[in-house]
Structures are given as structure tokens and as C-alpha cells.
Amino acid sequence: MIYRLNQEVVDKALELTGAKSEIQLAYGFLFISDGTLRNYLNGKTSPNLATLMRLKNITGIPLDRMATEMVKAA
């Protein structure tokens, strides 16, 4: 099962941290690469628990609202 990171969570994190870009948010606050963040947003890879917890600490958004399940076409 693949989960895609909710864009609204990233937008809120950008607002609250003052990061000027997703690149700055990824490296400066989430300690991941911008490519990894893009993969999470596009559903290429599922976000790991450490990243979800960092986002929860920044935004206050509950973990169950951080990601949405992607349904793969058969």
C-alpha cells in the first residue's frame, strides 16, 4: 500500500516555519532531500514515521490526516 503525503500538511508547515520553499522545508526542518519530499507528495514512496512526526510537531495536524492512501489501477 502506498500513501501520498497530503499537500495541505506541507503548505501549513511552510507557513508555520517561515520556509520560503519546499526545498528549504525539506532540508532545514524535515532533514530529508527535496527529492524525497517530492516523492512523498507524488506517491512514489510513502512518508516514513520520523518525517510524519516532524510534520506533526510543526503543524499539530494528527498523524491520521498526514497522508492519503493511493489506489493503484488494476
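Among residues belonging to region 1-57 that are more than 22 Å from Glu69 (Cα to Cα) and touching a residue at least 40 places away in the same chain (Cβ under 8 Å), point out the one that is surrounded by the fewest Cβ atoms within 10 Å (Cβ to Cβ).
Leu16
Determine if region 4-25 includes at least one residue that is more than 14 Å from Asn57 (Cα to Cα), within 10 Å of the chain's Cα centre (by Cα) and small (Gly, Ala, Ser).
no
Can you pull out the residues in region 58-73 that are assigned to a loop (DSSP other than H, G, I, E, B), modelled with pLDDT of 90 or more and among the basic types (Lys, Arg)?
Across region 58-73, there are no qualifying residues.
Which one is surrounded by the fewest Cβ atoms within 10 Å (Cβ to Cβ) among residues in region 58-74 that are closer than 15 Å to Tyr3 by Cβ and among the hydrophobic types (A, V, I, L, M, F, W, C)?
By that ranking, first place goes to Val71.
Considering only region 41-57, state which residues are assigned to a helix (DSSP H, G or I) and of a type in the set (Ser, Thr, Tyr).
Correct list: Thr51 only.
The values are calculated or read from the model by the stated rules, or taken from the named source; none is laboratory data. Treat the numbers as computed from the prediction; the structure is a model and nothing was measured. Positions of Cβ are generated from backbone atoms using ideal geometry, with glycine treated the same way; all protein chains shown enter the neighbour counts.
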